[in-house]
């Protein structure tokens, strides 16, 4: 029996179950113009609080940054013929590459009809960097002049610095509201420095002595209404930070925004097209609070779409935003983003016509699809700028010993993982930064070597695994992640004699565990946010919210900082390679394989291109109802 018939049989077997489930949700629901599987239930649509690609697909449809990235090559669109720029129709950069001036189009509106202005972007960047927001991507704003100093609260403040004190909110005010600001000058801090250990730091109330209108006052972060005790002579506040006026974000007029950078940042325009830095509507946030402001009935957006409704564990329906500045060129009126975690269910729904696009077929079908049995014009893998890896919590068990981490890497048979668990075109990853960046060569980690791995474990005090604390591999719900984890467990048990268990969590709780470092070994993947080694290497800087390994290396941090200030491209890349060499020696992460995209797309969908980020903006898609030939999206056609 042909593989094609086997697929159809699998679909037929699931048809009754699928019919029961989906009839409950779609019986009275008109079909959307375009339906795709987003893979999981998203965490939020708040741009400042997300890191995941499923969230990014939705947010990029709801909101629009100053810059849009091309669907073909994911580089900034500058507004040429047939291009789709962002809210800024043009920008200029100074000769020293430190100052970018963005000129906003005057016809951009929010979905409630309000005009989109430069102040909206300034407010949103301030919120993004505000330590109260706790944005995991906040480090992307550190490229701004004094961005790190503002985001770090009082940590780096020095006497004489201009400061702002954000006062506590009044009873009943939403936490998303910006409190009243008092501006002055820092006189001193007591204590001057705080412990590095967060637990020890939480025990200390740092006092900030400031001058306001010529008078000295003392402030402490805390709220008596919430039970916080305030030292005698001090006044409570939400936070003390550098005055945001000192940060490199300036509104010149309602349609001109200037950003000043700490150092040359060649990928800054790409970051302006990255969804965590998209704007939010201040009035909406402050009126409804979080998370209520993101509900369909409340949310105000400035992108091509708005949310019509959201059904947990089912779908998000997007409808065209009639106030969007480029409304006439948005060709899909409605889009359904389904949250189906099973790739088997997703594939069968695609085969039965319930979806127009899925990101990946089941792993057990990959070999046949790769071999073209049967040949399918709707499937064609392509190289992707991403890496699948495991991150190690170096504060757990024996993972604090570099020799153990090296042994775990050496004991991995990456080729077997790809062949047995992944079953796709992926390639083994022996370094962290994916290949393909012009002028950059990654240093390698140690090659697979089980005898040497055993020696390292013995040197670390765990001969044949004896006395080594059990490890738990955390992964989010997905057949492929489970298959990889099970195989890694077998490889480590066989090679090193250690005990390994698995822990499966739904996407939101999985992300929370990583963020709070409540894990031993965590599955992780990273698709480059921009085409540069820094988008990967910056993740492991000690104060990056996305580090999540508890690993810190002073020399590594210095090299990344040095690269950020280096204007010569070739020298900068050599510095970044030196940093990656440290990473591949210390091994707080275990690279496993480099990604290939594996999209399956219906023949009538147009405006979809393979690109190295495998990110496909929904607003550029359209349906060719007269399509009679196979879709040529994999070859770059946009008919």
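Annotations for the structure displayed:
- When 307, 299, 335, 316 are checked against the criterion of being part of a strand (DSSP E or B) and farther than 22 Å from residue 601 by Cβ, a single residue qualifies: 307.
- Given (1) touching a residue at least 60 places away in the same chain (Cβ under 8 Å); (2) over 30 Å from residue 101 (Cα atoms); (3) touching a helix residue (DSSP H, G or I) at 6+ places or on another chain (Cβ under 6 Å), index of the condition residue 175 fails: (3)
- Candidates 524, 548 - the one that is buried (at least 20 other Cβ atoms within 10 Å of the Cβ), at negative phi and touching a helix residue (DSSP H, G or I) at 6+ places or on another chain (Cβ under 9 Å): 524
- Scanning region 111-122 for residues that are surrounded by fewer than 20 Cβ atoms within 10 Å (Cβ to Cβ) and under 18 Å from residue 65 (Cβ atoms) yields 114, 115, 119, 122.
- Scanning region 262-294 for residues that are assigned to a loop (DSSP other than H, G, I, E, B), farther than 19 Å from residue 150 by Cα and over 22 Å from the mean Cα position of the chain (by Cα) yields 264, 289.
- The set of residues in region 532-544 being over 23 Å from residue 447 (Cα atoms) and either in contact with a helix residue (DSSP H, G or I) (Cβ under 6 Å, 6 or more places away or on another chain) or surrounded by 19 or more Cβ atoms within 10 Å (Cβ to Cβ) (or both) consists of 532, 534, 535, 538, 539, 541, 542, 544.
- Test for residue 140: is it surrounded by 13 or more Cβ atoms within 10 Å (Cβ to Cβ), within 23 Å of residue 553 (Cα to Cα) and either at pLDDT below 95 or under 32 Å from the mean Cα position of the chain (by Cα) (or both): yes
- Out of 269, 224, 264, 236, one residue alone is out of contact with any strand residue (DSSP E or B) (no Cβ under 7 Å at 6 or more places or on another chain) and in the same structural domain as residue 134 (by TED's automatic domain parsing). It is 264.
- For region 123-171, a residue qualifies if it is assigned to a strand (DSSP E or B) and under 18 Å from residue 184 (Cβ atoms), and the qualifying residues are 162, 163, 164, 165, 166.
- Extreme residue, farthest from residue 367 (Cα to Cα), among residues of region 397-426 that are in contact with a strand residue (DSSP E or B) (Cβ under 8 Å, 6 or more places away or on another chain) and not in a helix (DSSP H, G or I): 412
- Selection count where residues are surrounded by fewer than 16 Cβ atoms within 10 Å (Cβ to Cβ) and in contact (Cβ under 8 Å) with a residue 12 or more places away in the chain, scope region 210-227: 7
The values are calculated or read from the model by the stated rules, or taken from the named source; none is laboratory data. As the structure is a computational prediction, the values presented were derived from the model and not from experiment. Please note: Cβ atoms are built from the backbone with ideal geometry, for glycine as well, and neighbour counts cover all protein chains shown.
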